[in-house]
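The values are calculated or read from the model by the stated rules, or taken from the named source; none is laboratory data. What you see is a predicted model, and the numbers here were worked out from it, not measured in a lab. Cβ coordinates were reconstructed from backbone atoms using ideal geometry, including for glycine residues, and neighbour counts include every protein chain displayed. For the accessible areas, the whole protein counts, side chains as well, though only heavy atoms, and no ligand, DNA or RNA atoms are used. Shrake-Rupley method; radii C 1.70, N 1.55, O 1.52, S 1.80 Å.
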Amino acid sequence: MWVTNLNRLPTRDRLSSWGMQVPTACCICSTNPESRDHLMLSCSFALTLCSSPSAPMQLRMLVVQALVYSVWRQRNNMFHNQLITPPLVVFRDINRHVINTINAFRTRKKFKDLMIFWLI
Ligand SMILES: [Zn+2]
């Protein structure tokens, strides 16, 4: 997560800026240059997976962490193996991760009632 936050992901635009001869188009959608901001904020794959901005902060943070991990994992799967997993399948993994995390910490005050927000 901190690598993403500090914009240290080896995205194609960064690899190119380091002199590597790689295409700069996004591995997933090929419509824009692959940068951190594109991958995490505007790529069609990430947008398909995003959650509601009206959800509680704790839930949004949990989802963002799972989302960043999943988008980067998908990007690497496309970059190295030329395989793409449909967003719905990725969402199932994120859903399972969020449910498991909420269940694991359900006795903590911050996580109380998050399951209701997640499931509606
Ligand atoms: Zn993209």
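Hey, among the residues in segment 28-51 that are assigned to a loop (DSSP other than H, G, I, E, B) and open to solvent by 60 Å² or more (accessible area, probe 1.4 Å), which one's farthest from the ligand (Cβ to nearest atom)? Steps first, please.
As a first pass, look at segment 28-51 and keep what is assigned to a loop (DSSP other than H, G, I, E, B): 28-32, 34-35, 43, 50-51.
From what is left, the residues that are open to solvent by 60 Å² or more (accessible area, probe 1.4 Å) are 30-32, 50.
Numbers: S30: 7, T31: 6, N32: 6, C50: 14 Å.
The selected residue is C50.
Anything in segment 17-27 that is farther than 21 Å from V90 by Cα, within 14 Å of the ligand (Cβ to nearest atom) and assigned to a loop (DSSP other than H, G, I, E, B)? List them, or say none. Give the derivation first.
First pass over segment 17-27, keeping only residues farther than 21 Å from V90 by Cα: 17-25.
If we keep only those that are within 14 Å of the ligand (Cβ to nearest atom) as well, we get 23-25.
Correct list: P23, T24.
So R60 passes all but one of these: (1) within 11 Å of the ligand (Cβ to nearest atom); (2) assigned to a helix (DSSP H, G or I). Which condition number does it fail?
Going through (1) within 11 Å of the ligand (Cβ to nearest atom); (2) assigned to a helix (DSSP H, G or I) one by one, R60 breaks only (1).
Determine, yes or no, whether R73 is part of a helix (DSSP H, G or I) and under 16 Å from L9 (Cα atoms). If you could, list the steps in order and put the result at the bottom.
On the way: part of a helix (DSSP H, G or I): yes; under 16 Å from L9 (Cα atoms): yes.
Yes, satisfied.
Answer yes if at least one residue in segment 75-84 is modelled with pLDDT under 90 and closer than 26 Å to K110 by Cβ, and no otherwise. Before you say what the answer is, go through the steps one by one.
So in segment 75-84, the residues modelled with pLDDT under 90 come out as 84.
Next, from what is left, pick out any that are closer than 26 Å to K110 by Cβ: none.
No; the residues of segment 75-84 include none that is modelled with pLDDT under 90 and closer than 26 Å to K110 by Cβ.
Scan R106, R92, R14 and give me the residue that is outside any loop (DSSP other than H, G, I, E, B) and open to solvent by 90 Å² or more (accessible area, probe 1.4 Å).
Values: R106 fails: outside any loop (DSSP other than H, G, I, E, B); R14 fails: open to solvent by 90 Å² or more (accessible area, probe 1.4 Å).
Testing whether each residue is outside any loop (DSSP other than H, G, I, E, B) and open to solvent by 90 Å² or more (accessible area, probe 1.4 Å) leaves just R92.
Mind listing just one residue for me: the one in segment 69-89 that is closer than 15 Å to C50 by Cα and of a type in the set (A, V, I, L, M) and, of those, least open to solvent (accessible area, probe 1.4 Å)?
Per the stated criteria, the residue is V71.
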